[in-house]
Amino acid sequence: MSKYILKRVLLMIPTLIGAGILVFFLLRLVPGDVCELRFAGTGLYVDQEQIDICRKNLGIDRPIFIQFADFMFGFFTFDYGTSMWTGKPVLEEIGLRFELSLQVAIMATFVAVIIAIPLGAISAIKQDTWLDYAVRAFSIAGIAIPSFWLGIMIILGLLIVTQEMTGIPWMPPIEYKAIWDDPVHNISQLIWPAVATGYRYSAVATRMTRSALLEVLREDYIRTARAKGLVEKVVINRHALKNSMLPVVTIIGIEFAFLMGGLVVTEQVFNLNGLGKLFVESVTNQDYAMTQSLVMLVVLIFVITNLVIDLAYAWLDPRIRYS
Amino acid sequence: MTTVSESAVEAQIEELGDKTPFLKAAAKMARKQPVGVAGLAVVILMIFASVFAPWLTPYHPEYNDFANMLTAPNAEYILGTDQFGRDIFTRIIYGARTALFVGFTAATVGAVLGLVLGVASAYFGGIFDLVFQRIMDVFMAFPLIILALAVVATLGTGTENVIIAITIPFVPQCARVVRSNALAIREIPYVDAARALGFGHARIILRHMAPNVMAPFLILFTAFVGQAILLEASLSYLGMGVQEPTPAWGLMLQGGAEEYAESAPWVAIWPGVAISLAVFGFNLFGDAVRDTLDPRLRSR
């Protein structure tokens with residue numbers, strides 16, 4: 001087992017280097033750089049010398065392969081440098097937003113799971129009834145409705161409902177407070193983006209639960225369980241559901257990993273200062289150091305989540321053994 | 001003599017038509033998948049709207065009626081106007097053009113490239129396959145929107161660049177699925193036979209192997225169109241996609257929609273309904289295609 005984990009960790013390295021190459025050279029293909037952008041923003045006349053000094057300070061005047069080697073070396077030695085735009089350490093800037101994005105991702109995953117598993121199970125048990133069709137329509141709608149539009153509609157709905165009920169329109173708070181500082185404030189701000197993205201992510205998981213459960217329900221051991229007189233509830237909960245969770249865990253895990261970086265649009269709607277917003281800002285400012293680190297972080301979370309999913313398999317299905 | 005043989009050939013073709021898996025599948029699908037047909041109806045409605053947009057709409061999509069900005073829906077403007085006094089109904093109909101153009105182009109290019117690369121990877125195997133799979137791994141490790149945003153940042157905004165940005169993440173997704181199907185096909189003797197006949201690699205890949213992975217290809221293609229429409233809307237909403245004054249649904253939700261959501265909800269509601277309906281239609285249709293073409297998933 002430990003040998004397997006070691007092998008998998010080693011296999012992450014080529015993926016990470018590949019992602020590094022991709023983002024590094026993609027960013028450098030963009031015309032202009034952070035120095036030109038910074039001086040262009042002042043609106044004053046800037047001579048070339050100043051731009052050159054700026055480039056020299058940031059180290060982006062060096063040969064491109066040296067810069068790349070520096071970036072990769074920094075990544076694997078946990079040295080992420082400073083933001084080229086704000087001048088603050090990259091880790092500090094990311095740390096500020098990481099908490100928020102992580103919380104929204106966890107809450108959204110939670111919303112997705114509590115929607116997906118019961119609905120998927122009902123849909124499978126009541127296959128081809130109107131209930132099944134309703135659940136399927138609900139989940140296909142979840143994939144079709146853009147989460148940013150759902151977000152706008154949630155805000156609009158909140159405004160209208162609170163206006164009707166209390167006379168004063170209420171909007172989720174804009175300012176972020178950590179959950180341990182002010183739980184009510186925190187939840188009342190983050191529950192809405194979590195619902196907007198959670199519904200969307202529940203859609204795929206609902207369909208997966210349904211099809212996996214349908215497959216398991218046709219197995220012989222389910223017939224055996226029924227034949228020996230087990231209550232249907234026990235057959236479903238103990239025998240069928242647990243064995244159909246394998247693909248569902250995969251989907252939920254992968255979606256969680258993607259949520260960490262993929263909240264870009266939702267954060268925009270709810271005006272949240274998370275990793276997605278930081279990504280858009282750093283791309284727009286051509287802040288190489290920040291963008292590179294963010295992308296590497298997202299990819300790292302993805303590969304680690306994949307490993308955790310594979311290990312969870314062995315726990316869920318003891319027949320799977322890794323060597 | 002010729003006339004006789006021609007009609008005989010025609011008869012044969014007709015007979016073949018009955019046996020062609022595609023036509024048979026299409027007929028079967030219509031019978032067994034009423035929901036899929038509903039999806040297809042939405043798709044056809046969208047195509048109709050985009051082709052006949054100038055005849056269906058009362059205004060030019062870029063016409064500003066500054067006397068009637070943010071007007072609530074009325075007889076003159078059936079879905080109201082936006083903050084620039086433009087007719088929302090007109091812009092939604094024209095928006096279907098943008099959505100379909102981006103959706104179909106990105107899905108076609110992405111799926112075809114993925115098909116060729118996926119089959120080639122399975123066919124050549126060995127070191128080529130290994131390296132190619134690792135490269136695909138890298139692309140798959142990015143969330144769709146992050147990769148698309150990075151590409152837009154490199155190329156700049158605008159419709160063409162958005163299409164490229166959406167196409168790139170599709171290629172590895174398609175290549176991965178096609179490859180696993182093509183691996184099985186590679187072991188079938190007719191591929192060896194083709195090789196023994198001295199056909200080139202390109203011919204074997206394109207003429208002999210690719211047509212046999214059409215089922216997963218079509219399934220992915222229909223799914224891609226819906227995804228591409230959604231992704232284009234997201235990018236445009238972020239201001240990194242299609243640019244003004246091109247009518248695009250995501251763009252209609254940017255800026256004004258949130259700002260005026262309370263005072264003029266029609267600005268925010270209708271473009272979102274259009275996006276949802278379009279993607280819903282493509283997904284329903286795609287599901288029906290999948291159920292029809294993939295026997296393992298049928299009647300689940």
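Values for this structure:
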| item | result |
| --- | --- |
| Subset of segment B:149-166 [more than 10 Å from chain A (Cβ to nearest Cβ) and not polar (S, T, N, Q)] | B:Gly158, B:Glu160, B:Val162, B:Ile163, B:Ile164, B:Ala165, B:Ile166 |
| Residues satisfying the stated conditions in segment A:283-299, i.e. more than 10 Å from chain B (Cβ to nearest Cβ), assigned to a helix (DSSP H, G or I) and not hydrophobic (A, V, I, L, M, F, W, C) | A:Tyr288, A:Gln292, A:Ser293 |
| Unmet criterion (only one of (1) surrounded by fewer than 17 Cβ atoms within 10 Å (Cβ to Cβ); (2) away from chain B (no Cβ under 12 Å); (3) at pLDDT 80 or above) for A:Tyr322 | (3) |
| Residue in segment B:148-166 that is at pLDDT 85 or above, under 27 Å from B:Ile47 (Cα atoms) and among the charged types (D, E, K, R) present | yes |
| Selection count, segment A:284-308, where residues are in contact (Cβ under 8 Å) with a residue 12 or more places away in the chain and closer than 28 Å to A:Arg38 by Cα | 14 |
| Some residue of segment B:100-111 being in contact with a helix residue (DSSP H, G or I) (Cβ under 7 Å, 6 or more places away or on another chain), in a helix (DSSP H, G or I), farther than 30 Å from B:Arg203 by Cβ and without any contact (Cβ under 8 Å) to a residue 40 or more places away in the chain | no |
| Residue match in segment B:123-136 (condition: away from chain A (no Cβ under 14 Å) and among the basic types (Lys, Arg)) | no |
| Pick from segment B:261-289, criterion among the polar types (S, T, N, Q) and within 8 Å of chain A (Cβ to nearest Cβ), ranking: nearest to A:Gly151 (Cα to Cα) | B:Ser276 |
| Within segment B:186-213, tally of residues that are in contact (Cβ under 8 Å) with a residue 24 or more places away in the chain and under 15 Å from B:Leu113 (Cα atoms) | 5 |
| One residue from B:Ile229, B:Ile205, B:Ile185 being surrounded by 17 or more Cβ atoms within 10 Å (Cβ to Cβ) and under 21 Å from the mean Cα position of the chain (by Cα) | B:Ile229 |
| Residue within segment A:39-60 that is closer than 30 Å to A:Gln189 by Cβ and in a helix (DSSP H, G or I) present | no |
| Members of segment A:126-140 found to be more than 13 Å from chain B (Cβ to nearest Cβ), β-branched (Val, Ile, Thr) and under 23 Å from A:Gly198 (Cβ atoms), listed by number | A:Val135 |
| Top-ranked residue of segment B:33-51 - restricted to ones that are surrounded by 15 or more Cβ atoms within 10 Å (Cβ to Cβ) and not hydrophobic (A, V, I, L, M, F, W, C), ranked as modelled with the lowest pLDDT | B:Gln33 |
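The values are calculated or read from the model by the stated rules, or taken from the named source; none is laboratory data. Everything numeric here is computed off the predicted structure, so don't read it as measured data. FYI the Cβ positions are ideal-geometry reconstructions off the backbone, even for glycines, and counts take in every protein chain you see.
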